[in-house]
Amino acid sequence: TAATKELIALIPDYMAVILGSNRAVGSQQAQLIAECVLAYASSFGVDARLVMALIRHESNFNPLSTSHKGAQGLGQLMPETSQSLGISDPYDIVQNVYGTVRVLRGHLERQGKESKNNYDMLVRALAAYNAGAGAVKKYGGLPPYAETEAYVERVIRTYFKLSGHSD
C-alpha cells in the first residue's frame, strides 16, 4: 500500500537519527529499531517521532540498557509492565518497542481525557510514562519532581526537533 511505502521510505532517516545518537548501535540493530518504531507507531496511531524522542531519552537506543531502578530495554519498561504486556524478553527490540508504544498510547489516551489541549496531553502522557499515572493524577498534571520535569522537557524538545520545529 501507499502508507507502507511511505513508512519504508522513512527507515533511512530514522536509522540516521539512531546512529547519530548512539554510535555503538550497529546498522542492523538501527534498521530493526527504525522498522519497529515506524510499524508499531503506525499501528497504534502514535507519532513515530514522539516514540523516537522517548526512546532516545530512555535508553539512547541501547536495547540492553537497564536503569538503576530496574527498567529494561529501549523504552525502559519496568519488569511488571513487561509481564503485564506478555513480553517475555524486554531486551528484545521487537518486543520492547511494541510494549513502549503500547504503554505510550495508553498514557496518551488516558491523559487526553484530562487535558486542556494537545500540548497538555503530551506533557501529561510523558510525565505518566516517567513518573507513573498515579503521580500525574495526584498533582493534576506534571508532578513537581525535578527528574520528571527535566525528562518531559528533553523529550518534547527532541520531538519538536524531529518534527522540524525550532525552539
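The figures follow:
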item	result
Portion, in percent, of the accessible area of the chain that falls on carbon or sulfur, probe 1.4 Å	51
Nonlocal amide H pairs with ILE87, under 5 Å, H built at 1.01 Å	none
Helix axis angle, 2-21 relative to the chain longest principal axis, alpha carbon, degrees	80
Helix axis angle, 146-162 relative to the chain longest principal axis, alpha carbon, degrees	40
Angle in degrees between helix 118-131 and the longest Cα principal axis of the chain, rounded to the nearest 10	90
Label assignment, P(r) over Cα pairs in 10 Å bins from 0, in percent derived from the structure, set [x] 9, 33, 30, 16, 8, 3, 1, 0; [y] 11, 40, 38, 11, 1; [z] 10, 35, 36, 16, 3	[y]
Dipole magnitude of the chain, debye to nearest 20 (Cβ charges: Lys/Arg +1, Asp/Glu -1, about Cα centre)	280
Residues GLU80 and GLU114, FRET efficiency given R0 of 30 Å [Cβ-Cβ distance, rounded to 0.05]	0.80
FRET efficiency estimate (nearest 0.05) - Cβ-Cβ, SER42 to ALA135, R0 25 angstrom	0.25
Ordering of 90-98, 139-147 by packing [mean C-beta count within 10 Å, highest first]	90-98, 139-147
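The values are calculated or read from the model by the stated rules, or taken from the named source; none is laboratory data. Since the model is a prediction, treat every value here as computed from it, not as a measurement. All Cβ positions, glycine included, derive from the backbone under ideal geometry; neighbour counts span all protein chains shown. Ligands, DNA and RNA are stripped out before the accessible areas are found, and what is left, the full protein with its side chains, is counted by its heavy atoms. Shrake-Rupley method; radii C 1.70, N 1.55, O 1.52, S 1.80 Å.
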